[in-house]
Amino acid sequence: MSSDVGGELVDVIDEQGRTVGTVTRREMRARRLPHRSVYVLVFNQRGELFLHLRTSDKDVYPTHWDVSVGGVLSAGEAFDDGAVREAREELGVAVRPEPLFPFRYADAASVVQGMVYRAVHDGPFHLQPEEIVRGEFVPLDELTSRAVQELFCPDGLAVLAEYRRRQAE
């Protein structure tokens, strides 16, 4: 990963997910431009979900807990390739995450068209210090109470809610 994350190039997309331009990540954030992201839910063999605490210098949701690894796709990058890259960068492991469902999210900080993935890995992980302070596996039934007491990335919680809804069907 480049040391100037804000200078990375990302695709700007339209409502149908078609690329309509390419800008720096910094400009995408500053102008709240729609872009592509991946979300990888990482479970261990016991079915516990890996949570991690984001660093204080993240460009969105600093010092928030997140239920997924992942992030913004680079310009021209495919969802599947981004999911593999993000797991390797953030957790230091090689996994081939299983694609689950497309996901759209918008709030004051972001407009995202994403893809949600699931991976199973028990660790150990080699956490990327630029992105993650620490992490832990947590049973799914503990997440609701934790999310009330601590700051969590809202897009990650929305991803998890959709995942749980689909699992219940």
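The values are calculated or read from the model by the stated rules, or taken from the named source; none is laboratory data. Just so it is clear, the structure is predicted and the values come from calculations on it, not from any experiment. Glycine gets a Cβ as well: all are built from the backbone with ideal geometry, and neighbour counts include every protein chain shown.
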*Mind checking which pairs have a first residue in region 100-123 that is in a strand (DSSP E or B) and a second that is surrounded by fewer than 18 Cβ atoms within 10 Å (Cβ to Cβ) and among the polar types (S, T, N, Q), Cβ under 9 Å, 6 or more apart or different chains?*
VAL120/ASN44; VAL120/GLN45
*Of the numbered conditions (1) without any contact (Cβ under 8 Å) to a residue 40 or more places away in the chain; (2) under 15 Å from GLY70 (Cα atoms), PRO154 satisfies every one except a single condition; which is it?*
(1)
_Residue that is nearest to PHE79 (Cα to Cα) [pool: residues in region 137-151 that are loosely packed, with under 13 Cβ neighbours inside 10 Å and touching a residue at least 12 places away in the same chain (Cβ under 8 Å)]_ = PRO139
*asked:* So, in region 25-74, how many residues would count as being of a type in the set (A, V, I, L, M) and assigned to a loop (DSSP other than H, G, I, E, B)?
replied: 4
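Of all residues in region 56-82, count the ones that are hydrophobic (A, V, I, L, M, F, W, C) and touching an Asp or Glu at 6+ places or on another chain (Cβ under 9 Å). Give the derivation first.
First, the residues of region 56-82 that are hydrophobic (A, V, I, L, M, F, W, C): 60, 65, 67, 69, 72-73, 75, 78-79.
Now narrow it down to the ones that are touching an Asp or Glu at 6+ places or on another chain (Cβ under 9 Å): 60, 65, 69, 72-73, 75.
Of the residues in region 56-82, 6 are hydrophobic (A, V, I, L, M, F, W, C) and touching an Asp or Glu at 6+ places or on another chain (Cβ under 9 Å).
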_From the options VAL12, VAL67, VAL42, residue that is crowded, with 16+ Cβ neighbours inside 10 Å, of a type outside the set (D, E, K, R) and without any contact (Cβ under 8 Å) to a residue 24 or more places away in the chain_ = VAL12
_region 89-136, subset surrounded by 19 or more Cβ atoms within 10 Å (Cβ to Cβ) and among the acidic types (Asp, Glu), residue modelled with the lowest pLDDT_ = GLU131
*Could you pull out the residue among VAL20, VAL84 that is part of a strand (DSSP E or B) and either more than 18 Å from GLY156 (Cα to Cα) or modelled with pLDDT of 95 or more (or both)?*
VAL20
